[in-house]
Each structure stands twice: as structure tokens, then as C-alpha cells.
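Below: the structure, in C-alpha cells.
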Amino acid sequence: MQTASCGRAILVVSFGTSYNETRARTIGAIEDQIAKEYPDWEVRRAFTSRMVIKKLLRRDGERVDHITDAMERLISDGIRTAVVQPTHIMNGMEYDDMIRAVSEYRDRFDSLSVGRPLLTSAEDYVNAVSAIASTVLKEAGRETGTAVVLMGHGSEHYANSSYSQLYLELLLSGFPDVYVTTVEGFPDFEDTVRLMDGKDYRDAVLFPFMLVAGDHAENDMAGDDEGSLKSVMESHGCKVRCIMKGLGEYREFRDIFVAHVHDAMRMI
């Protein structure tokens, strides 16, 4: 990330992860790409998960600002123009919390703008399907009898409908063997199995539709417990392969976030 002070900053806000390698390949890669795209702006990092922040400090001695601390630091460092770009997938609870935190500081900047999560506008869904087709589906292959299942986090928040919209966009774009499921929302694993019923899939390729391939990918998707997505698919007769990559590892998804930074800058 760029660190030279220039009076203008882009604060990249992520939930965070304690998985160091995937963090560098996803969150770090997004920050680096934004910094290269906007060399005259300082790029900074903030997490919204205090649990992750505390774990990184305790385990690795690595300090990451919480969103409120990051906003205070921008002000104390003399930043007068700022863009806050989330790396969230949808406009859910984490995004709402971030907006509430940022809103308290609006009158302390000359200009403050907030970018969109990955899935917000109709165009975002089209771009996401294009990114899925050129990355995930290329790695998964599209052999007859193979289902591709994208696993999102899921939420009780109304924004959970983003997963259903993405599924419909995939279906209407000519990808009937690609499914979207969630760990904690709708559709859940069993809902997805019902959608697959009668299609006689022999193989299933699982992919975390999450920014990072962290704990949820390791355990809820690829774990050996009977409730994992892998185990559920295997119990229904599928040979399972897991692709352990977060969305942030692919330039095609990073490009969507960079485009959202560009859109946010137009509002300054």
C-alpha cells in the first residue's frame, strides 16, 4: 500500500481475516491495485471485526485499525479528502455498521465519499457473473454432470437476497449448473440440494463466494464435519472438489472494487 501523506486518502474497509496468506492475496491485493490505480492518493486499511484485530495483535503483533480508529487517524494526520471503499460482498449488517461509523465524521472532512460493496447495482451483478465465468468456471471446468456451487456467508439482513439475485443472474446468463448457497442464510445447503434434485450430478466443484478463503471456506465449505457443504454434497452422491480461493485473488473481482472507487471519487 501507498503510505506517503498527500492530504487525500482511500480507506479500504474489510471485515478482516486472521489467515495471513489469504489476507495478502485478497485484501492486500485489492489495496495494492487501488494504490497503483490512484498513485496520488494514500491508501489505508481498516477492519470492522474487532475479534480479528485483537487476534492479529495478540498472535502476530500486527496492528490494524478498526474503522473508527482509522477515521480518527485520518483526521489527526490532516487528511481532508477521503474515499471509504468497502470490500464487503453486499449491503448487509457489516456495511450498515461501517456507514454508521463513517457518518459520524462527515462534517470533519472537506470531502468524504463512500464506495459500493461488490453487489449493489444491476450492473454489478452482470459484472460479477462475467467475473465468475472467466475465473471460477474456467478453473472448475464445465463438464457434463458437474455442478458448481458458490458458497456465500449469508445473513438475516434483507440484503441476503443478493445471493438469490446472483443465482437468477447466473441462470439467465446461461449457467444452469451453477448454484449459490449460504452458510447462515437462504438458500442454505439443503435448499441447494433440492434445487439440484433430479439433475443426476456426479461431481460438484465448491467455491467460497467470499472475499477471502478463511475459516468459513476451511470448515463450513471444505471441512469433514457432517454439516459442511462438502459432506452434504458427498452424502448426495457427488464426488467433490474444493477450490480454496477468495474472490480477492482474482483481478476480475478486484476490478469491480476499483471501479467502485472511481464512482465514489466522482461524488467528491
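The values are calculated or read from the model by the stated rules, or taken from the named source; none is laboratory data. As the structure is a prediction and not an experimental result, all values here were calculated from the model. When we count neighbours, we look across all protein chains shown, and the Cβ atoms used for this are built from the backbone with ideal geometry, even at glycine.
Residues that are closer than 18 Å to residue 179 by Cα and either hydroxyl-bearing (Ser, Thr, Tyr) or assigned to a helix (DSSP H, G or I) (or both) within segment 207-240 comprise 216, 217, 220, 221, 228, 229, 230, 231, 232, 233, 234, 235, listed in sequence order.
Of the residues making up segment 201-226, those that are more than 23 Å from the chain's Cα centre (by Cα) and touching a residue at least 12 places away in the same chain (Cβ under 8 Å) number 3.
Among the residues of segment 96-136, the ones that are in a helix (DSSP H, G or I) and touching a Lys or Arg at 6+ places or on another chain (Cβ under 8 Å) come to 1 in all. If you check 58, 63, 50, 116 for being charged (D, E, K, R) and touching a residue at least 60 places away in the same chain (Cβ under 8 Å), only one passes: 116. Within segment 10-32, the presence of a residue that is loosely packed, with under 14 Cβ neighbours inside 10 Å and more than 30 Å from residue 156 (Cα to Cα) is excluded. Looking across segment 175-200, the residues that are surrounded by fewer than 20 Cβ atoms within 10 Å (Cβ to Cβ), in a loop (DSSP other than H, G, I, E, B) and touching a residue at least 24 places away in the same chain (Cβ under 8 Å) come down to 175, 184, 186, 188, 199, 200. Restricting the first member to segment 241-255 and to residues that are under 18 Å from residue 123 (Cβ atoms), and the second to residues that are among the small types (Gly, Ala, Ser) and at pLDDT below 95, no beta-carbon pair is closer than 6 Å while six or more apart or on different chains. Somewhere in segment 246-259, is a residue more than 20 Å from the chain's Cα centre (by Cα) and in a loop (DSSP other than H, G, I, E, B)? Checking segment 246-259: not a single residue is more than 20 Å from the chain's Cα centre (by Cα) and in a loop (DSSP other than H, G, I, E, B). Exactly one residue out of 122, 133 is within 30 Å of residue 205 (Cβ to Cβ), touching a residue at least 12 places away in the same chain (Cβ under 8 Å) and hydrophobic (A, V, I, L, M, F, W, C): that is 133. On the given criteria, is residue 104 at pLDDT below 95 and either surrounded by fewer than 18 Cβ atoms within 10 Å (Cβ to Cβ) or of a type outside the set (Ser, Thr, Tyr) (or both)? In short, no. No other residue among 164, 155 is assigned to a loop (DSSP other than H, G, I, E, B) and of a type in the set (Ser, Thr, Tyr) apart from 155.
Quick grid of which residues meet (1) modelled with pLDDT under 95; (2) surrounded by fewer than 23 Cβ atoms within 10 Å (Cβ to Cβ):
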position	(1), (2)
77	no, yes
89	no, no
114	no, yes
139	yes, yes
152	no, no
173	no, yes
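From the list 141, 152, the one residue that fits, being on the phi > 0 side of the Ramachandran plot and touching a residue at least 24 places away in the same chain (Cβ under 8 Å), is 141.
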